[in-house]
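K.L.:
There's a structure below that I have some questions on.
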């Protein structure tokens, strides 16, 4: 084989994933318009009309008060969210990234191997219990079942 042929050998496992990651920048992998595609935060979508309602014309406020209240509510909600996200989004994103990274590490390096070790030990226990059942319980309960095998119970209603 030539040296060039040896350098062109590529791994087949996960090749598509590797190429996609190399060709895609981090900015392209996140949506900026529809930021809740799975609709996990539908419960925080609060509209003015869901909170405030004047049920009858005799209980209406002035139209200008109603419209100004609508505008103030929406602007306050929007700017309060924007200001608090400026203050807290980056530190909280860091902390949640740290949390889920640690959880992933713990799952991969602690929990999964521990579960596998338990499964291996349970196989030994399963063999012991199978021997116990086959040698002790199966003959005893088989004999008891054989004793009661031919018993028939017949219910009848007799008028007295």
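K.L.:
Compute the label zone of residue 114 within segment 79-106: residues whose backbone N is under 11 Å from the point 7 Å along Cα-to-Cβ.
P.N.:
Only 106 fall inside the zone, counting backbone N under 11 Å.
K.L.:
Cα gyration tensor of segment 12-147, axes a ≥ b ≥ c as square roots of the eigenvalues: rounded (a/c below 1.5), prolate (a/b > b/c) or oblate?
P.N.:
Cα axes put segment 12-147 in the oblate bin.
K.L.:
Please find the FRET efficiency linking residue 31 to residue 66, where r is the Cβ-Cβ separation and R0 is fixed at 35 Å, and quote it to the nearest 0.05.
P.N.:
The pair residue 31/residue 66 has a calculated efficiency of 0.50.
K.L.:
Still on this model: May I ask for the distance between the Cα centers of segment 40-100 and segment 130-160, given as a whole number of Å?
P.N.:
70 Å
K.L.:
Right, something else. Between residue 43 and residue 124, what is 0.36 nm times their sequence separation minus the Cα-Cα distance? Round to one decimal in nm.
P.N.:
Difference between extended and current length: 24.2 nm.
K.L.:
Subtracting the Cα-Cα distance from 0.36 nm times the residue separation, let me have the gained length for residue 106 to residue 140 in nm, one decimal.
P.N.:
Net length gain for the segment: 7.6 nm.
K.L.:
What distance in nm separates the two pseudo spin-label positions at residue 150 and residue 80, each 7 Å out from Cα along the beta-carbon direction?
P.N.:
Here the modelled spin labels are 8.4 nm apart.
Every read-out reported here was derived from the displayed coordinates using simple, explicitly stated rules and does not represent laboratory data. All of these numbers come straight from a predicted model, not from anything done at the bench. Don't worry about glycine lacking a Cβ; one is built from the backbone with ideal geometry, like all the others, and counts go over all protein chains shown.
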